[in-house]
1. Scan the range 159-175 for residues that are within 16 Å of ligand 1 (Cβ to nearest atom) and surrounded by 22 or more Cβ atoms within 10 Å (Cβ to Cβ) and jot them down.
2. Of all residues in the range 62-80, count the ones that are within 23 Å of Lys37 (Cβ to Cβ) and touching a Lys or Arg at 6+ places or on another chain (Cβ under 7 Å).
3. Every residue in the range 130-155 that is open to solvent by 30 Å² or more (accessible area, probe 1.4 Å), closer than 20 Å to Met11 by Cβ and within 14 Å of ligand 2 (Cβ to nearest atom), please.
4. Looking only at strands (runs of 3 or more DSSP E) that fall completely inside the range 6-100, which ones have 3 or more residues that are of a type in the set (A, V, I, L, M), within 22 Å of Lys138 (Cα to Cα) and at pLDDT 95 or above?
5. May I ask you to list the residues in the range 29-41 that are crowded, with 20+ Cβ neighbours inside 10 Å and in contact with a helix residue (DSSP H, G or I) (Cβ under 6 Å, 6 or more places away or on another chain)?
6. Given Ile93, Ile107, which one is open to solvent by 30 Å² or more (accessible area, probe 1.4 Å), touching a strand residue (DSSP E or B) at 6+ places or on another chain (Cβ under 6 Å) and more than 19 Å from Ile12 (Cβ to Cβ)?
7. Across the range 1-23, which residue is least open to solvent (accessible area, probe 1.4 Å) among those that are within 19 Å of Arg167 (Cβ to Cβ), charged (D, E, K, R) and more than 16 Å from the chain's Cα centre (by Cα)?
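The values are calculated or read from the model by the stated rules, or taken from the named source; none is laboratory data. This structure is a prediction, so every number in the text was calculated from the model and none was measured. Note: ideal-geometry Cβ built from the backbone for every residue, glycine included; neighbour counts use all protein chains shown. Quick note on the areas: whole protein, heavy atoms, side chains included, nothing else; ligands and nucleic acids left out. Shrake-Rupley method; radii C 1.70, N 1.55, O 1.52, S 1.80 Å.
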Amino acid sequence: MSCKDIIRREMIEKRKMLDLKNGEDFVKNIRNTSCYKNAKTVMLYMPIKGEADVTGLLSDDKVFLTPVTEGEDMSACLVGDVTEGAFGVMEPIEKEAFDKDKIDLVIVPGVAFDKAFNRMGFGKGYYDRFLKDMRAIKIGVCHLFQIVDHIPCEKHDVKMDMIVTERDVWTRESI
Ligand code: ADP
Ligand code: MG
């Protein structure tokens, strides 16, 4: 098992043990960022397996998109009415792919992040492929315990511009 796999497994196990009903602190921290305030079109994820719940944002006055996966591909569709899709993730019933270039901000889930803005996902690379070459600002969201010292990264891994936990907002100087 690689070093990446060991961190991934430990974090997924830890997170499953949490009883997470409420993502209010995450929502509040995201709402306070200028990149969220300025964004018109925002992509967010529907939480599974103890991921921070940021769906409270959906009451804001913005265009909201959420991922739909098909095979190895991921696209962004308007949220609308949702139903359970691949991997047990809620996804829109109406699946019309939205133009990726029009997305201002992507709120990205992760199994772990480090303070160099590296991200680790479930190990399937969906977000790495989706975010590649996108102009959107990328906010990684996770619980504080999911921040690790160092994530071993590969060339295809896409870095975040910002990381939000229930306590903190870390921003790369580039924004
Ligand atoms: P995760 O980001 O979900 O933690 P990894 O970064 O380990 O997962 O990526 C899993 C796999 O996804 C990689 O081994 C690679 O084969 C594939 N992958 C990721 N990004 C790309 C890409 N841009 N182009 C082609 N394959 C990719
Ligand atoms: Mg990756």
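1. Of everything in the range 159-175, those that are within 16 Å of ligand 1 (Cβ to nearest atom) and surrounded by 22 or more Cβ atoms within 10 Å (Cβ to Cβ) turn out to be Met160, Ile163.
2. 3
3. Across the range 130-155, the qualifying residues are Pro152, Cys153, Glu154.
4. 63-70, 73-78
5. Ile30, Tyr36
6. Ile93
7. Filtering the range 1-23 for residues that are within 19 Å of Arg167 (Cβ to Cβ), charged (D, E, K, R) and more than 16 Å from the chain's Cα centre (by Cα), the one least open to solvent (accessible area, probe 1.4 Å) comes out as Lys14.
Let's see how each residue does on (1) surrounded by fewer than 17 Cβ atoms within 10 Å (Cβ to Cβ); (2) aliphatic (A, V, I, L, M):
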{"residue": "Met43", "(1), (2)": "no, yes"}
{"residue": "Met46", "(1), (2)": "no, yes"}
{"residue": "Asp61", "(1), (2)": "yes, no"}
{"residue": "Phe64", "(1), (2)": "no, no"}
{"residue": "Gly71", "(1), (2)": "yes, no"}
{"residue": "Thr83", "(1), (2)": "yes, no"}
{"residue": "Ala86", "(1), (2)": "yes, yes"}
